[in-house]
Each structure stands twice: as structure tokens, then as C-alpha cells.
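Just below is one structure, and these are the notes that go with it.
The values are calculated or read from the model by the stated rules, or taken from the named source; none is laboratory data. Please read all numbers here as calculations on a predicted model, not as lab measurements. Note: ideal-geometry Cβ built from the backbone for every residue, glycine included; neighbour counts use all protein chains shown.
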Amino acid sequence: MSSQQGRSKIESIVSIVLLIPLVISGVGIFFKQFHYDASRVDIAMAVSELPVAKAVGAEIDLASLLPAGFVAMTEAETFERDTLYVKIDGKADLYLQSGFRELSCQRFVSGDDEKLWAEIYLYDMGTARNAFAVYSIQRRATAVKLSLSRFSYKAESAVFFTTAKYYVEIIAAVESEKLHNAVLTVAQNIARLPHEQKGSLGELKFFPERGLIADSFKLQLTSVFGFEGLDNIFTAKYRFGAGTVTAFLSQRQSREEANEVAGNYYQFLIDNGATAKSAVNDNLAGKVLDFYDSIEIILVSGRFMLGVHEAYDQLSAEKVAIMLKEKVMEATDIGRTR
Amino acid sequence: MGEQDNGNFRRRDFLARAGKAAACACGAGAAAYWLYDSKGPEAAWQKQQLVTLPDFSVQEEPGRSMCIATGPDRKQTFNKAIDLLGGIERFIKSGDTVLIKPNVAFATPPMLGATANPELVAQVARLCYSRGNAKRVIITDNSINDPASCFQLSGIGKAATEAGAGIVMPRPNLFGHTTLAGGKLIRNWPILYGAFEKVDKVIGIAPVKDHHRSGASMTMKNWYGLLGGRRNIFHQDINTIIAELATMVRPTFVVLDGTEVMMTNGPTGGSVSDLRRANTMIVSTDHVAADSFGSKLLRLTPSDLPYLAKAQAAGAGTTDYKSLKPIITEMAG
């Protein structure tokens, strides 16, 4: 009898333990249903924008990087893939197409002059390669090189640079030496932080130095030169003769893929009105096209697809294409095996 | 043998427990039946009546639809342009309530040119009061990026307030749903309708900017700031939404500020090196014509911006701005 009572007690306790979470869940559901958010199922219902998370979990505490005399003006904010447009609207696509992960922002202000404020934009792009892509595409024509990192410059009152997987913008509200110095200090503090290095920019070494316009490198990740089938293309500008020539290079997974991409790009140009031309230089083992009075050259060397885009002088274009190919062959197995 | 005792469980116990279990199951079923809503939650817009923005345009006068004033001073070029179109009195009547919709999209400093110039906004408001004898001037925008910060940091809030204009911040109760007749995207979509209540005239003010998605952001794109909801989905069909917005809003006139043009990295910019001084102010009753001319300031052509042709096809204006015989005037630098 006592063992039956003991079992019954245990059963009751177990039942209560099981029932308590069920009751809590039931009560929770009951109250939650009074706060139904139609905007979750009907996007037109969302009058206000998506909630923006605070940077509680941000990897870098931006406020801790401010120089003396400056204080945080606002709380740090983070924007993720689905909320990035809230901060930068139509420019969000550029980042989203380039591997964007998270944006951390914070404004800071001088302790004794509220007009002296600036904002830090720290874009986590996932890899150094992605960070370089958005940096290079937006690089200003009036850029003045800085020594913060390999890729860094200032343009009037703003500083732009990459450090590891981050693309950083620090934008001052007004022209002021004091504010500009503060912006530079914050930039240095961010650049000095230890960052994990991910993604290489190894292709840059394949661009020959002769005639290269300094800091003209760009990395375009998608739909390059208006062709959806062309991605991951590095470009650099060369000064040759009176004009400039844009050289491009893309490392593919295999020789076959390089040939395929080159063939598709060639066909895209032909389909859009380009006509094939003969090369002037016999050493140019590639395709030359006239595309509405500009010259396009497409070559393949091992796993590399390379060439020249929108040049206006065929001789200069061919010269740059040959130089680029020779540099690739020299720096890779292709060159060593010959 | 009436009650079987196998050592720990009797028939009576079994029946009692089975009865309790059945009662619980019935109770749960009854509660579920009582609480079940076969219609599901009703979207709030279905409870509301759809709203339609009135037509705020004024009578057209041939040869006085568009003025292009060149010069470095925004106040001077705007004043001159509006005078040549017949004066602000042609557009604003005594006792009118005027809504100004500047581009206040970002919480960025005026120096970057990502938002409407605060001095220009203030000047338009002042003129509405001083010469148009407006009863009230209000300024609104559903800024995508924390409206209070946008109005404050862009300088527009302070400048407008000093000019005597009221700021209407976007609040949920100001939004009403609208459907654009023949529209593909603007269907049962919330717009900042409440701000237009009791408004007689509407003026749009926008800078000329490069735009990563649409190619350019000018007066037509500026109406994007009237949309509520998760409007970023319209970026997938940006040309259609801009054309539909231009069809939805019939402003009294628009002011396209090309004094400094954001040539690159738009729509946010980030450095004054993204700007080019073009010293051009356009005032027009036709926002399609204004933007068509504005495309030139970005070194584009109207055909580079597909939304212009779409808007023209929808009857929102003309891309052939020359057909309006725009008045062109040059101010001393």
C-alpha cells in the first residue's frame, strides 16, 4: 500500500512538472495573441521601419575608440542584411551584393562644440576581398592616400579605409581641423585593432607596374561591364600614350572555366554589336573586338581570364594586354613550366 | 472478481482516470472551439477606407511651367525662378495651408548634399508666408532613417522652424492606405496621407543626386518619402515605383536644386568630393520635365532613366522639357 502511495506521489510530481511549462506556454500564447502584428504577414502594414537592433553584440566597441575631448553622441546601432536599407537606402544593394554582414554605426561629438560631430560606419563585409570591393568601387577621385592601412584615403572631411574584413567610413559633419584630427584618431584606433584576416587579394600582384596608375585597382564582384556572367574581376588603369587603358583580370577555378567565361563574354559583346578585329601585334594570342569605337581584348592564360576594357587606342590596348599576360605567366606555374 | 487487483491497478481507478482524461480532452477541445477564429486576423487596411491624394496642381499657363535659373546662391535663383513663373502668388493664395516635402531621407549633415538644402527649404517656406500669405506651412517626410535625427542633423528642422514652418513627423496614425488607379505596385499601400489633411498646396524640394539603384534621385524619387510600410521591396522595381509616385502626386510645383549635384556614390554620398557645382535651380509645375532636365546635370540623358518615359506614358508629365518652353535666366555669380 505504501509503495503504491509512493508511486502515486512520484507520478503526481512528474505530472505537475510536465504541466507547469504547458500552462505557462498556454498563458503566454493567450496573452500574445492580443498583440498580433499584422505587419509580420502583410508587409504593407508595417508603417514604421523594421526595428533596428542596438549594437549590444557588436564586435567592436566604437565608443571606446574616441579621442579625448570627444564623446558618443548617440548609442551605437547595428544594421543587418534586412535592415541595411534603413540606414543607407538605395546604396544597400551595393553592399548586399558584395557579401555584407553587418553595419555598426556611432556618432561622436566634441565635448565643447556640438557642431563638431562625425559618424563612424563600420561595415563587416565578411572577408577582406569583399571589403576591398566596396572600398574600390566607391573610391573618390579626389582621394588623398593615407597610411592607415594598405587601402585608405581621405576625401575632404571624410576618411575611408579597409582593415581586414571591415570597410570603414568616418564622415565629419563640418570642415574643422579639430574634428578632422579626431576622425583620423578614431580611424587609427580602428585600424590598430587586431582583426582576423580572411580572403586574399592575391590577384593584385599580377598587374604589371609599368604605366600603372597608383591606387586605380577595383574589384567588381557581380555583373561586371554590364554582363551578368562576368564576376570577380579586378581592374586597374594604365597610362599609355595620351590616354588611359583599363586592364582586367579574373582568377577562375580552372582553365576550362576561364575559357568558358571568356567565350561567354566574347559572345555577349558580339550579341551587343561588337565586331571582331585582327590584332596588330602578332604576340597577342587573344580576341580583339571593336565595340562602338572602343577596343575590347579578351585573353586566357591558364586559370586566368584577362584583357582590356574600353580602350581607345588599339596599340596601347594590345601592349597592356600582353604585359598583363606576361606578368601572369611569370608569376604562376604557366610561366615556370615554359 | 468484480474489481481486478493485479497488485497496483484496479478497474475503478482505471475508469476514474479514464473519465478525468476524457473530461480534460473535452475541455481542451471546447476551449479550442471557443477561441478558434475561422477568419483569422483581419489586416487593418481592410477595416479602413482607401485614401486618395487630391490634385494640388494649379492652372497651367503656357510658357510659365518651368524656369531654369543659374547662379551660385540658392535663395536668389529660387526667388528669380518663381518670379519668372508668375510669382509665388500665382501658386499660393491667401489663407492656404502649404505642405513642403523636402528630401530628408538621411541623418547626414547638409554639407554632404544627401538631403534638401535647409536654407532653400526655409526660403520657400518664408516666401509662402511673406508673399503668398499662407495660413500655415508644414514640412514633412517619412525619413527612412529615424525621422527626428534626420530633421535635426540635416539642419532642415531648425531652418524650417525658424522660418515659421511646422514639422510633421511621421506617426503611425498619419498613414492611410491608397491604391493608384492602374498602378502595379501602389495597391493598398500606406502613405503619409494624414499630413495632407487640410492642405491646399504641395511643393516638393529635392537635390539632384546620383542613385545606385535608379540612376538618379530628383523630384519624382523624392515622393518615395511619402510611402510607409517596408517600402524597400520596391527597390526591386525602382523605375515603376518612381513613375507611379509621380502619377500619384500632383504637386503645385517642384524645386529641383542643382546648385550642387551629387555625381557619385548616391544617394548617401559621404564626401563633398561626390558633389559638383552646377549652380542650377529648376522650378517647374511638371516634375517629369524638371527631372528630365535634371538628368543633364548628372551627365545623363532622359533615356538613361527609364522611369521618366514610364511616368510620361502614365500622363504624369513630359520628358520633352523643351516643349514647355522653359524660361532660362542667369544670375550674377
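List every residue pair whose Cβ atoms lie under 6 Å apart, where the two residues are 6 or more positions apart in sequence or sit on different chains, the first residue falls within region B:124-150 and is within 22 Å of B:PRO109 (Cβ to Cβ), and the second residue, located anywhere, is of a type in the set (Phe, Trp, Tyr). Going by the 6 Å Cβ cut-off, the qualifying pairs are B:ASN145/B:PHE106. The residue that is nearest to the chain's Cα centre (by Cα), among those in region B:314-328 that are surrounded by fewer than 16 Cβ atoms within 10 Å (Cβ to Cβ) and touching a residue at least 40 places away in the same chain (Cβ under 8 Å), is B:GLY315.
Could you grab me the full set of residues in region A:115-133 that are within 11 Å of another protein chain (Cβ to nearest Cβ) and out of contact with any helix residue (DSSP H, G or I) (no Cβ under 6 Å at 6 or more places or on another chain)? Once the filter is applied, which keeps residues that are within 11 Å of another protein chain (Cβ to nearest Cβ) and out of contact with any helix residue (DSSP H, G or I) (no Cβ under 6 Å at 6 or more places or on another chain), region A:115-133 yields A:LYS115, A:TRP117, A:GLU119, A:TYR121. Here is the figure for region A:63-94: residues that are hydroxyl-bearing (Ser, Thr, Tyr) and within 10 Å of chain B (Cβ to nearest Cβ) total 3.
Matching residues to (1) touching a Gly at 6+ places or on another chain (Cβ under 6 Å); (2) among the basic types (Lys, Arg); (3) closer than 17 Å to A:GLY241 by Cα:
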{"position": "A:VAL280", "(1), (2), (3)": "no, no, yes"}
{"position": "A:ASN283", "(1), (2), (3)": "no, no, no"}
{"position": "A:ILE298", "(1), (2), (3)": "yes, no, no"}
{"position": "A:ALA311", "(1), (2), (3)": "no, no, yes"}
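Only a single criterion out of (1) surrounded by 23 or more Cβ atoms within 10 Å (Cβ to Cβ); (2) within 14 Å of chain A (Cβ to nearest Cβ); (3) more than 22 Å from the chain's Cα centre (by Cα) is not satisfied by B:VAL272, namely (1).
Against the test of being in contact with a strand residue (DSSP E or B) (Cβ under 8 Å, 6 or more places away or on another chain), part of a strand (DSSP E or B) and in contact (Cβ under 8 Å) with a residue 24 or more places away in the chain, the options A:GLU310, A:GLU318 yield a single qualifying residue, A:GLU310. Among the listed residues B:SER94, B:SER143, which satisfies the condition of being assigned to a loop (DSSP other than H, G, I, E, B), surrounded by 18 or more Cβ atoms within 10 Å (Cβ to Cβ) and among the polar types (S, T, N, Q)? On inspection, the qualifying residue turns out to be B:SER143.
Check whether at least one residue in region B:172-190 is out of contact with any His (no Cβ under 6 Å at 6 or more places or on another chain), β-branched (Val, Ile, Thr), modelled with pLDDT under 95 and surrounded by fewer than 24 Cβ atoms within 10 Å (Cβ to Cβ), and report yes or no. No. Residues that are under 14 Å from B:LYS201 (Cβ atoms) and either within 12 Å of chain A (Cβ to nearest Cβ) or at pLDDT 95 or above (or both) do occur in region B:140-151, at least one of them.
Annotation: of all residues in region B:207-244 being in a helix (DSSP H, G or I) and acidic (Asp, Glu), the one that is surrounded by the fewest Cβ atoms within 10 Å (Cβ to Cβ) is B:ASP237. Filtering B:ILE191, B:ILE203 for residues that are β-branched (Val, Ile, Thr) and more than 14 Å from chain A (Cβ to nearest Cβ) leaves a single hit, B:ILE203. Does region A:321-331 include one or more residues that are modelled with pLDDT under 90 and within 30 Å of A:ALA128 (Cα to Cα)? Yes; the residues of region A:321-331 include at least one that is modelled with pLDDT under 90 and within 30 Å of A:ALA128 (Cα to Cα). What are the pairs with Cβ atoms under 6 angstrom where one residue, in region B:212-240, is touching a residue at least 40 places away in the same chain (Cβ under 8 Å) and the other, located anywhere, is part of a loop (DSSP other than H, G, I, E, B) and among the aromatic types (Phe, Trp, Tyr)? Sequence gap at least six, or different chains. Taking only residues 6 or more apart or on different chains, the pairs are B:GLY228/B:PHE175.
Condition check ((1) at pLDDT below 95; (2) within 14 Å of chain A (Cβ to nearest Cβ); (3) surrounded by 24 or more Cβ atoms within 10 Å (Cβ to Cβ); (4) on the phi > 0 side of the Ramachandran plot) across all residues:
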| residue | (1), (2), (3), (4) |
| --- | --- |
| B:MET263 | no, yes, no, no |
| B:ILE282 | no, no, yes, no |
| B:HIS287 | no, no, yes, no |
| B:LYS296 | no, no, no, no |
| B:THR301 | no, no, no, no |
| B:ALA309 | no, no, no, no |
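Across region A:203-228, the number of residues qualifying as over 16 Å from the mean Cα position of the chain (by Cα), surrounded by fewer than 18 Cβ atoms within 10 Å (Cβ to Cβ) and outside any helix (DSSP H, G or I) comes to 9.
Do you know which residues across region B:6-37 are exposed (fewer than 10 other Cβ atoms within 10 Å of the Cβ) and modelled with pLDDT under 70? Across region B:6-37, the qualifying residues are B:ASN6, B:GLY7. Taking the conditions (1) of a type in the set (Val, Ile, Thr); (2) over 18 Å from B:LEU99 (Cβ atoms); (3) more than 14 Å from chain A (Cβ to nearest Cβ) in turn, B:ILE241 satisfies each one other than (3).
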